[in-house]
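Single-structure report; data block below.
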Amino acid sequence: MFSFSKKTNGFFIDINGEAALMARTSSPDAPMVIEEMREVSVADEAAVQRAAKELQGKRSGSGYMHARCGVYPPHRLVRKVTLDLKRIREPEYFREICLQQFRLEEDKCIIAVLNTADGSDYDAGKVTTQKDVVFTGGINDEFLAAQQRLLALGVYPERLELGTLAAVGALVSYHAFAQLKSPTLLLEMDTESTQSFVVGAGGLDESRSIPHGLEAMISVVQKELNLKDDESARKLFYSNTFDFTNMGGVLTRKVLKELQSLIGFYEVQTGQSIGQVLCTQMPPKLAWLGGSIAKELGVESLKLDFADWLKLHGIRFANPAELSGLDARWLAVFGLMIYYDAAPAAKK
């Protein structure tokens with residue numbers, strides 16, 4: 001086992017509903033080499049703690065792993081908003097948006113307003129014709145709970161970010177690299193809801209929170225397969241022992257209805273059509289769902305070329321063989337590593 005100094009290595013961790021995705025790099029900032037990657041079930045807290053210590057090496061002792069962290073609070077906010085330029089200098093205008101559009105009380109939340117193209121801070125004091133911005137943040141107590149959870153797992157968050165925002169930013173960068181001709185529908189599907197985003201090389205184009213997630217499919221499984229109760233359906237659905245592929249359209253009907261509404265609105269507003277779908281939070285056993293949603297929408301699933309894209313950001317892999325096992329869930333981890341002050345060169 002090698003020893004690694006906290007001063008020279010970088011540590012990154014993304015904790016979603018299913019897994020803790022970790023990486024150790026040769027330095028905190030690019031240029032860097034990704035030396036080791038780990039995936040651990042968040043249900044096994046002891047395993048997460050062990051993985052954090054093992055990534056640090058012998059010098060870890062009893063200390064915390066100092067890391068840049070991506071988290072997913074239940075009421076996280078990443079929403080595109082079109083401003084009324086006549087009101088942007090009114091002291092209560094942004095508070096009003098939080099309360100009326102998102103039902104969030106500003107004094108109980110951490111909210112930032114960003115530019116849609118590059119994620120930089122929006123300056124309401126400047127004379128501008130820019131109407132579209134991104135409201136991002138969440139409830140104070142949920143961020144505090146996420147921070148306390150990380151500490152309990154042996155991780156000290158040097159920087160705490162919304163994993164959703166890291167994934168959106170990374171996909172904007174990837175679009176520029178891959179020269180994708182059509183925007184991508186990015187989906188984060190958890191148990192109770194689905195966060196949906198239309199992303200292109202120019203930034204975040206559209207967003208919507210859908211009040212249906214994986215749990216909405218359980219009753220459909222129970223009914224379609226004549227199972228005795230929802231718990232039996234839930235165990236079968238998550239077990240990966242039954243091929244649900246042919247039932248994809250039925251299982252995702254509620255989500256698809258909302259997505260078709262979002263896509264229809266976007267196409268009418270912009271004249272552009274969605275080109276591909278990317279699901280970044282899908283558990284491996286449910287990976288087929290992403291392909292099913294793409295098929296029902298009549299588009300392709302986006303296949304990510306991590307190695308060449310990250311190389312343009314000064315990031316490479318010590319063990320290229322690890323690339324074969326990486327899926328879209330790692331996009332947010334890489335989003336924590338890169339900076340967006342300069343767009344990467346396009347793929348040749």
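Numerical summary
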read-out: Among Phe237, Phe197, Phe12, residue whose mean-square fluctuation peaks in a GNM of the chain (springs only between Cα atoms under 10 Å); value: Phe237
read-out: Restricting segment 235-290 to trypsin sites (Lys or Arg not before Pro) in coil, as DSSP defines it, with at most 16 other Cβ within 10 Å; value: none
read-out: Surface per residue (accessible, 1.4 Å probe) for segment 154-254, Å²; value: 43
read-out: Rounded percent of accessible protein surface that carbon and sulfur make up, segment 89-186, 1.4 Å probe; value: 49
read-out: Choice from His66, His75, His313 showing the highest fluctuation, given a GNM over the chain with Cα pairs closer than 10 Å; value: His75
read-out: Net length gained if the chain between Lys254 and Asn140 were fully extended (0.36 nm per residue, minus Cα distance); value: 37.9 nm
read-out: Per residue accessible area in Å² of segment 38-89, where ligands, DNA and RNA are left out and the probe is 1.4 Å; value: 51
read-out: Derived scalar couplings ³J(HN,Hα) [segment 282-293; Karplus, 6.51 cos²θ - 1.76 cosθ + 1.60; whole Hz; x for Gly, Pro]; value: 6, x, x, 5, 10, 4, 4, 4, x, x, 5, 5
read-out: Centre separation in Å (Cα based) which lies between segment 36-90 and segment 195-254; value: 25
read-out: Listed residues Gly154, Gly169, Gly125, most fluctuating in the chain (Gaussian network, C-alpha, under 10 Å); value: Gly125
read-out: Sequence-separation-based contact order of the chain, relative, with Cα cut under 8 Å and 6+ spacing, percent; value: 19
read-out: Convex hull per residue volume in Å³, alpha carbons only, for the chain; value: 156
read-out: Estimated vicinal HN-Hα couplings, Hz - segment 102-113 in sequence order (Karplus 6.51, -1.76, 1.60; Gly, Pro = x); value: 10, 6, 10, 7, 4, 6, 10, 10, 10, 10, 10, 10
read-out: For segment 1-149, fraction of C-alpha pairs farther apart than 19 Å, in %; value: 63
read-out: Computed over segment 59-143, Cα set: Rg, Dmax in Å; value: 16.1, 57
read-out: Value of D in µm² per second that Stokes-Einstein yields for segment 91-133, Kirkwood Rh from Cα pairs, at 10 °C (1.306 mPa s); value: 138
read-out: Residues of segment 64-96 with amide N under 20 Å of the 7 Å Cα→Cβ point at Ile110; value: 64-80, 95
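The values are calculated or read from the model by the stated rules, or taken from the named source; none is laboratory data. Fair warning: this is a prediction, and the values are worked out from it, not measured in the lab. Quick reminder, even Gly has a Cβ in these numbers, built from the backbone with ideal geometry, and neighbours come from all protein chains shown. Please note that ligands, DNA and RNA were not included when accessible areas were found on the heavy atoms of the full protein model with its side chains. Shrake-Rupley method; radii C 1.70, N 1.55, O 1.52, S 1.80 Å.
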